[in-house]
Amino acid sequence: MLGDVSDATTRERMISTAMTLFRREGYQATSWRRLVEHAGTPWGSAYHHFPGGKEQLAVAAIELGTAVVAKTVRRAFERNETIEDAVSWWYRKAGEALATDGYRGGCPLATITLEMAHASPAITKACEDAFAAWHALLVDLLGAHGADGERAEDLATAIVTNLEGALLVSRVRRSPDPLDRAARHVALVVRAA
């Protein structure tokens, strides 16, 4: 039984490390050796837990990133009464996380999506599923806050695309200001809708 816990912990550390390194440095620039060293796991664990190689690990890292963002989105809507406040809270948390990471990170999917969507059907599918899951979650949460049907679909798209763009610009500028401005813009769109 202890071996099972150890294996799960090793696998989870590798996935978490991969998510961080792929987000910061990209898929191609992150070698197996670097992943294993940063995770602090035995060399053989890479192939034991991920016999499909780095691509299999990337899919697992994308799935983890999907879950992390979904948890944050749920928390934003649980802690705030209005859509505008929930979006502002989410964007602010994204800015804080980006600043804490020295403006090296951002969205757990952006770098790997841009780098690998044309090169790996498995990674493309995982990214597509991730963005679809975020969209569906937002549509549900927006619906629970009074936005219905097509309006919820449009707002969910605007919220995610504004966030993605603002994260990129914030990363380049090394400032949360673009995220703050994007949150204010989305608030105007929500009110208008």
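The values are calculated or read from the model by the stated rules, or taken from the named source; none is laboratory data. Please read these numbers as outputs of a predicted model, since none were measured by experiment. Heads up, the Cβs are rebuilt from the backbone with ideal geometry, glycines too, and the neighbour counts pull from every protein chain shown.
Structure values in brief
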quantity	calculated
Unique residue being in a helix (DSSP H, G or I), touching a residue at least 60 places away in the same chain (Cβ under 8 Å) and more than 18 Å from the chain's Cα centre (by Cα) when the list is Leu163, Leu155	Leu155
Breaking point among (1) surrounded by 16 or more Cβ atoms within 10 Å (Cβ to Cβ); (2) modelled with pLDDT under 95; (3) not polar (S, T, N, Q), for Ala193	(1)
Single match in Ser170, Ser175, Ser120 (criterion: surrounded by 18 or more Cβ atoms within 10 Å (Cβ to Cβ) and farther than 24 Å from Arg74 by Cβ)	Ser120
Selection count where residues are out of contact with any helix residue (DSSP H, G or I) (no Cβ under 6 Å at 6 or more places or on another chain) and in a helix (DSSP H, G or I), scope the range 111-126	5
Candidates Thr113, Thr124, filtered to the one that is under 23 Å from Leu21 (Cα atoms), at pLDDT below 95 and polar (S, T, N, Q)	Thr113
Counted residues, the range 123-142 - those being more than 30 Å from Arg173 (Cα to Cα) and surrounded by fewer than 16 Cβ atoms within 10 Å (Cβ to Cβ)	3
Pick from the range 31-68, criterion at pLDDT 95 or above and of a type in the set (S, T, N, Q), ranking: nearest to Met19 (Cα to Cα)	Thr66
Pairs, first under 19 Å from Thr157 (Cβ atoms) in the range 117-144, second of a type in the set (Phe, Trp, Tyr), C-beta under 8 Å, six or more apart	Leu141/Phe77; Ala144/Phe77
Filter result (over 27 Å from Leu57 (Cα atoms) and in contact with a Phe, Trp or Tyr (Cβ under 7 Å, 6 or more places away or on another chain)) within the range 79-124	Arg79, Asn80, Ala86
